[in-house]
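What follows is a single structure, written as structure tokens, with notes after it.
The values are calculated or read from the model by the stated rules, or taken from the named source; none is laboratory data. Treat the numbers as computed from the prediction; the structure is a model and nothing was measured. No Cβ is skipped: glycine too gets one built from the backbone with ideal geometry, and neighbour counts run over all protein chains shown. Note: areas computed on protein heavy atoms with side chains; ligands, DNA, RNA excluded. Shrake-Rupley method; radii C 1.70, N 1.55, O 1.52, S 1.80 Å.
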Amino acid sequence: MLDRLSVNALLKSVITILVVCVVTLSAVAAWTSWRRVAVADRIDAVLDTSMHMFTALHHLRLDRSSSVRELRADRQFTELTQETREAREAIMPALRAAIRALDGCAFPERAAAVAQLSKMTEKLAKLQSETAAAFLQPKAQRRPRIAEDYFDAANAMLALLDDLSGQLARLVKLDDPYVDQLLALKQLAWQARNIAGELSVMISTPMGGQPVKPNAMAVYDAAVGRLDGTWQALGYTSAGLTLPAKLIETMRQTDRDLFAPDYVALRARVMRAIVEGKPTGFTVPEWTKSAIPRFSLPGTVAHIALETAKAHASQQRTAAQWALGWQLGMLAAALVAAFAMMVVISRRVTSPLVTIQSAMLKLAGGDMSAEASFPGRSDEIGKLASAMHTFKHGMIEADRMRSEQKEAEV
């Protein structure tokens, strides 16, 4: 079967097979890199959205407890407290940024999620405006149930943000093991922050004049157990991970401040005093000023874990983009090289062979004007053309000798 193939077809077939192999390998590598870029883009979008949501979650929990406590207080405020003002200044920008970022995440429920988050954000914004005015009024002039309405709206927003954060985390689960571990660490840190915040609210709420629940001490002890267990789980999760120094130091600071034996003992003593109806030695502002920096530390751990995950995702995205660009370049180079080889084979091999073949056929037919000269070529083609030239001159000489012989015979 190979005997029937022309040199031209054989050479081009070999080159085509080699080119197909190279192009296929390059295309597969480029496709893999493109998928890596797509995964990195998805992770980056999810983490960007999660960071905005986390900022809103953190400050909304602070705002919920402080706003509800102040709205239920008997005194009239001349301005928003620093705690409430700082929390509210961060909430709305974070929520609106989360809406924009969420709209860029590709998942089936995106449109419904964006619509729901937008609607609840506007509702919360209106309630913030209403409650900001209510703080400046005597309690008797405030709208009935305004504190409860704000509490319910804040709770609904917190639940929605938690749910959306979970959906986004599932969207990128198993895409990157390191990101998975950091998101798990972030979630545990956030749970620890919430429990620590609840412990502080258990103290500040009755300290602000609200009634103490009959089982308050049992609820407090159970929360302490959950906090210790969650923080221990976070330690197990972080073990063996390569973490930035900033994150490690914040975790150590949380151990020193939030779980310091003297603070734990002080918090328990104040809680027991509240339950027993004894003086605590603290006012609400004094207690919150002392407690907030401590129970916010796990939230800082969660935030740094998200930042670390985002930085890692950005690095992976850059590496994937570079690899994709390189592989696309290699693919283009393979195609150009294939075209160039085809042109070279045609010009340097097959076309000269066709020229020599045509000249030889003319010589065989007695046409001594046939030419196939390739001056300057010392390769096989040049030697073949030289051999044809010698053969041509031999035929001319033989014709001359035959003519002279015939003339002599006459």
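Is it the case, given these coordinates, that Ala56 is open to solvent by 10 Å² or more (accessible area, probe 1.4 Å) and not β-branched (Val, Ile, Thr)?
no
Among (1) open to solvent by 50 Å² or more (accessible area, probe 1.4 Å); (2) under 30 Å from Ser13 (Cα atoms); (3) hydroxyl-bearing (Ser, Thr, Tyr), where does Ser346 come up short?
Every condition holds for Ser346 apart from (1).
Please list, ordered by first then second residue, the pairs with beta carbon atoms under 7 Å, 6 or more apart or interchain, first in region 311-336 and over 26 Å from Val179 (Cβ atoms) and open to solvent by 50 Å² or more (accessible area, probe 1.4 Å), second at pLDDT 80 or above and among the polar types (S, T, N, Q).
Pairs that qualify, where the first residue is over 26 Å from Val179 (Cβ atoms) and open to solvent by 50 Å² or more (accessible area, probe 1.4 Å) and the partner is at pLDDT 80 or above and among the polar types (S, T, N, Q): there are none.
Scan Glu122, Glu130 and give me the residue that is more than 21 Å from the chain's Cα centre (by Cα), touching a residue at least 12 places away in the same chain (Cβ under 8 Å), under 30 Å from Ile99 (Cβ atoms) and open to solvent by 60 Å² or more (accessible area, probe 1.4 Å).
Just a single option satisfies the conditions, and that option is Glu130.
Give the residue, chosen from Arg61, Arg100, Arg143, that is charged (D, E, K, R), more than 36 Å from the chain's Cα centre (by Cα) and open to solvent by 30 Å² or more (accessible area, probe 1.4 Å).
Arg143
Of (1) open to solvent by 10 Å² or more (accessible area, probe 1.4 Å); (2) at pLDDT 90 or above, Gln167 satisfies all except one. Which?
(2)
Can you tell me which residue in region 139-154 is farthest from His312 (Cα to Cα), limited to those that are part of a helix (DSSP H, G or I) and touching a helix residue (DSSP H, G or I) at 6+ places or on another chain (Cβ under 7 Å)?
Among residues in region 139-154 that are part of a helix (DSSP H, G or I) and touching a helix residue (DSSP H, G or I) at 6+ places or on another chain (Cβ under 7 Å), the one farthest from His312 (Cα to Cα) is Ile146.
Quick grid of which residues meet (1) in a helix (DSSP H, G or I); (2) touching a strand residue (DSSP E or B) at 6+ places or on another chain (Cβ under 6 Å); (3) closer than 17 Å to Ala154 by Cβ:
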residue	(1), (2), (3)
Glu83	yes, no, yes
Arg88	yes, no, yes
Met92	yes, no, yes
Ile99	yes, no, no
Pro108	no, no, no
Val114	yes, no, no
Lys119	yes, no, yes
Ala125	yes, no, yes
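Working only within region 70-90, note down all residues that are charged (D, E, K, R) and open to solvent by less than 40 Å² (accessible area, probe 1.4 Å).
Selection gives Glu70, Arg88.
Given (1) buried (at least 17 other Cβ atoms within 10 Å of the Cβ); (2) touching a residue at least 24 places away in the same chain (Cβ under 8 Å), where does Ala156 come up short, assuming only one miss?
Going through the list (1) buried (at least 17 other Cβ atoms within 10 Å of the Cβ); (2) touching a residue at least 24 places away in the same chain (Cβ under 8 Å), Ala156 breaks only (1).
Find the residue count for region 369-397, including only residues that are open to solvent by less than 50 Å² (accessible area, probe 1.4 Å), assigned to a loop (DSSP other than H, G, I, E, B) and either touching a Leu at 6+ places or on another chain (Cβ under 7 Å) or over 15 Å from Arg347 (Cα atoms) (or both).
Within region 369-397, residues that are open to solvent by less than 50 Å² (accessible area, probe 1.4 Å), assigned to a loop (DSSP other than H, G, I, E, B) and either touching a Leu at 6+ places or on another chain (Cβ under 7 Å) or over 15 Å from Arg347 (Cα atoms) (or both) number 1.
So Ala184 fits all but one of (1) under 21 Å from Leu234 (Cβ atoms); (2) at pLDDT below 90; what number is the exception?
(2)
Among all residue pairs at least 6 apart or on different chains, which show Cβ distances below 8 Å where the first residue, located in region 281-309, is touching a residue at least 60 places away in the same chain (Cβ under 8 Å) and the second is outside any helix (DSSP H, G or I) and open to solvent by 70 Å² or more (accessible area, probe 1.4 Å)?
Close Cβ pairs (under 8 Å, with a partner that is outside any helix (DSSP H, G or I) and open to solvent by 70 Å² or more (accessible area, probe 1.4 Å)) do not exist here.
Examine region 20-42 for a residue that is in a helix (DSSP H, G or I), closer than 30 Å to Pro352 by Cα, open to solvent by less than 40 Å² (accessible area, probe 1.4 Å) and at pLDDT 75 or above, and state whether such a residue exists.
Yes.
Just to confirm my filter: which helices (runs of 4 or more DSSP H) fall fully inside region 248-360 and include at least 3 residues that are more than 33 Å from the chain's Cα centre (by Cα), at pLDDT 90 or above and not small (Gly, Ala, Ser)?
261-275
Test each condition in (1) assigned to a helix (DSSP H, G or I); (2) at positive phi for Leu174 and report the one that comes out false.
Among (1) assigned to a helix (DSSP H, G or I); (2) at positive phi, Leu174 violates only (1).
Could you grab me the full set of residues in region 209-233 that are open to solvent by less than 80 Å² (accessible area, probe 1.4 Å) and not in a helix (DSSP H, G or I)?
Gly209, Gln210, Val212
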